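Colleague: My structure is below; once you've seen it, I'll send some questions.
The values are calculated or read from the model by the stated rules, or taken from the named source; none is laboratory data. Just so we're clear, the structure is a prediction, and the values are computed from it rather than from any experiment. So basically every Cβ, Gly included, is an ideal-geometry build from the backbone, and we count neighbours across all protein chains shown.
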Amino acid sequence: MRIIPMLYRISFLIYLMLATTSCSATQELNLQSQKQTEHSKKLLSIFDKTWLRAKEKLAVKSSDEVFSQKNYQHLKSKVDTLENLEELKSLINAFLGSLNVSHTQFITTEDQDYYFFQSLFKANEVSNPKHYHIGLQYQKSLEGYRIRSVLDSYPAELAGLKKGDLIIKNNNEVFSPMSFKSTKPHTLFVKRGQDNFSVNVSPVFENIHYSMLNASKASKKIIKQNGHRIGYFHLWSGTNALFEKELKQSMLEDFKDCDSIILDIRDGYGGAWYSYLDPFYKDRESFYAFTIVQKNGDRSTNTAPQQTNHNYTNKPLVLITNSGSRSGKEAIAYQLKKDKRAVIVGEPTGGYFTIGEINFLEETDFLLYLGIAHLELDGKRIENKGVLPDVYVDYSTAPYPKRDPQLLKALEIAEKIAQ
């Protein structure tokens, strides 16, 4: 009889197949578990590095209390549940944001700021590293990404996108600022007030730092209004000598035949300092003194190196500010207001007035920006306060008007004070 041995062999083969399948499944689960463990360890390692560096350097009162073991364990327990770096970023920034120290943020490659800071602190040139974008700054909310500012002559402006627009999707996928992967046309689905519409945009491949320089150049114009010539220039950043060069070229050459000037310092980045004021003064005698207040309370006060400016403009000046006017740009607003050298129009500046330091430039997927010391101007605190405008004009809440109300008011004043 061969039936029993045959059945035995078949049963044995089935057993081997099941055992092999079970073994493979177990190995796969073990591999997944190992990968998950390694990933969790990496996130925890990044969190620990961030925690220790922030505890060491962040200019916050009661540092030991803020960075206590209790707070550490509380956040660490949440890190153990996270799946990716973006979730870790949200956790870290929620904690850092609660401390109210400006220039303090955990930044990843999914943020435009990552490429800006790489350009500013590592590449030391405005053009690198490159990334895809359409010339916007954003404000993230629960609804998605709302447009905070639109760069002059970039794809977003050319497509008709405006401040306050909410971008919902990019090519039928959830939108994020870094969701552009080529210069080919992308279809954006946008909400403006109660209206929904779509636009086609073709991204550029360049660093946002370089784009802001180009936008500053493109913003330059002479507006003719009721017989007056009004020069307009938007200084998008003061973080490279090339921006200062464009500012001086505009004020001292391009607008030399104008009756008045509008300088727009809304949004963009900060960085501007004493030399950005030189086009408006014959010397630096009245310039502010700035005091550095270290984390331990030590103070040191510095004044502007004195010089005489043989080439400067005394034309009537209007300055436009908003909450996106931050850091060194706030020093510009402070000085021009202090001397009544300009009429300031718009909203209070942002009150982002600490010395910021970039950490972990050697990493490839994240940076840590920390406010390591406070700054005062003439003994006055700007941090979390800002500089108030002479003429307040709101442009920060919905529904957003079709035309820029701050620019319209600036033009009205520039016409009144024109020479």
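Colleague: Are any of the residues in the range 378-388 modelled with pLDDT under 95 and within 28 Å of residue 90 (Cβ to Cβ)?
Modeller: No, every residue in the range 378-388 fails to be modelled with pLDDT under 95 and within 28 Å of residue 90 (Cβ to Cβ).
Colleague: Would you point out the residue of the range 43-90, among those that are basic (Lys, Arg) and loosely packed, with under 13 Cβ neighbours inside 10 Å, that is farthest from residue 111 (Cα to Cα)?
Modeller: For the range 43-90, the residue satisfying everything is 70.
Colleague: Which of the following residues is outside any loop (DSSP other than H, G, I, E, B) and under 26 Å from residue 321 (Cβ atoms): 250, 198, 237?
Modeller: Just a single option satisfies the conditions, and that option is 250.
Colleague: Give me the residue from the range 389-419 that is within 17 Å of residue 315 (Cβ to Cβ) and of a type in the set (A, V, I, L, M, F, W, C) and, out of that set, modelled with the lowest pLDDT.
Modeller: Only one residue fits best here, namely 418.
Rundown of residues vs (1) small (Gly, Ala, Ser); (2) more than 27 Å from residue 210 (Cβ to Cβ); (3) not assigned by TED's automatic domain parsing to the domain that holds residue 372, yes/no style:
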site: 249; (1), (2), (3): no, no, no
site: 256; (1), (2), (3): no, yes, no
site: 262; (1), (2), (3): no, no, no
site: 267; (1), (2), (3): no, no, no
site: 276; (1), (2), (3): no, no, no
site: 337; (1), (2), (3): no, yes, no
site: 342; (1), (2), (3): yes, yes, no
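Colleague: While we're looking at this one, here's another question. Within the range 272-282, identify whether any single residue is free of Cβ contacts under 8 Å to residues at least 24 places away in the same chain, more than 27 Å from residue 163 (Cβ to Cβ) and not hydrophobic (A, V, I, L, M, F, W, C), and answer yes or no.
Modeller: No, the range 272-282 contains no residue that is free of Cβ contacts under 8 Å to residues at least 24 places away in the same chain, more than 27 Å from residue 163 (Cβ to Cβ) and not hydrophobic (A, V, I, L, M, F, W, C).
Colleague: Then there's this: List, please: which pairs have Cβ atoms under 7 Å, are six or more places apart or on different chains, and start with a residue in the range 72-87 that is among the small types (Gly, Ala, Ser) and end with one that is exposed (fewer than 15 other Cβ atoms within 10 Å of the Cβ) and at pLDDT below 95?
Modeller: If the second residue must be exposed (fewer than 15 other Cβ atoms within 10 Å of the Cβ) and at pLDDT below 95, no pairs are left.
Colleague: Over 28 Å from residue 217 (Cβ atoms), in a loop (DSSP other than H, G, I, E, B) and of a type in the set (S, T, N, Q) - does that describe any residue in the range 274-295?
Modeller: Looking through the range 274-295, at least one residue is over 28 Å from residue 217 (Cβ atoms), in a loop (DSSP other than H, G, I, E, B) and of a type in the set (S, T, N, Q).
Colleague: Residues of the range 92-107 being in contact with a Phe, Trp or Tyr (Cβ under 8 Å, 6 or more places away or on another chain) and assigned to a helix (DSSP H, G or I), which ones?
Modeller: If the condition is that a residue be in contact with a Phe, Trp or Tyr (Cβ under 8 Å, 6 or more places away or on another chain) and assigned to a helix (DSSP H, G or I), then 92, 93, 96 are the ones that fit.
Colleague: Go through (1) aliphatic (A, V, I, L, M); (2) out of contact with any Pro (no Cβ under 7 Å at 6 or more places or on another chain); (3) more than 18 Å from residue 363 (Cα to Cα) for residue 85 and report which single condition fails.
Modeller: With respect to (1) aliphatic (A, V, I, L, M); (2) out of contact with any Pro (no Cβ under 7 Å at 6 or more places or on another chain); (3) more than 18 Å from residue 363 (Cα to Cα), residue 85 is out only on (3).
Colleague: Under the condition of being over 21 Å from the mean Cα position of the chain (by Cα) and of a type in the set (A, V, I, L, M, F, W, C), which residue from the range 218-246 is surrounded by the most Cβ atoms within 10 Å (Cβ to Cβ)?
Modeller: The extreme case among them is 230.
Colleague: Looking at the range 151-205, which of the residues that are surrounded by fewer than 16 Cβ atoms within 10 Å (Cβ to Cβ) and of a type in the set (Gly, Ala, Ser) is farthest from residue 400 (Cα to Cα)?
Modeller: The residue in question is 182.
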